[in-house]
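Notes follow the structure.
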Amino acid sequence: MLYISYIKTKNMLANEKITENRIITDRFLAIMYQLIGLRKIKTKKEFAESIGLASSNIYRMEIENTMNVPLYAIRMAYERYNINLEYIFTGKGKMFNE
C-alpha cells in the first residue's frame with residue numbers, strides 16, 4: 001500500500017512540474033507578443049533568432065504545446081530585452097524591468 005501511495009505522489013509531482021513549465025512558457029510567449037506590440041521586434045522569427053532559438057521552436061511552444069521554453073532562451077531574453085525574471089517564474093510584477 002505504501003508503494004502505491006509513493007507512485008501516486010511521484011506522478012502528482014511530475015504533473016505539477018509539467019503544468020508549471022507550461023505556465024512559464026505561456027508567460028514567455030506573452031512577453032514575445034508584447035515585444036511585437038511595442039515594435040521592439042517585428043516578427044516571431046526575429047525574436048527566436050535573437051535569443052538563440054529556431055523559429056520552429058516558437059511554433060512548437062505556441063501551437064503544438066510540445067515544447068517548453070529552455071532556460072538559455074529565458075537568459076538570452078533577459079539579457080537582450082530586460083525581461084523581469086520574477087514575472088517569468090512567478091507571474092508577479094511587470095513583464096519588463098525599468
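What follows is calculated from the coordinates using simple rules that are stated; it is not laboratory data. These numbers come from a predicted model, not from an experiment. Because the Cβ atoms are built from the backbone with ideal geometry, glycine has one as well, and the counts that use them run over all protein chains shown.
Taking amide H positions as modeled 1.01 Å from N, with prolines and chain starts lacking one, the residues under 5 Å from residue 96 and 5 or more places away or on another chain are 84. Qualifying trypsin sites (Lys or Arg not before Pro) in the range 55-98, where qualification requires a DSSP coil assignment and no more than 14 other C-beta atoms within 10 Å, comprise 92, 94. Based on the Kirkwood approach, the hydrodynamic radius assigned to the range 18-98 is 12.5 Å, with every pair of different Cα atoms included.
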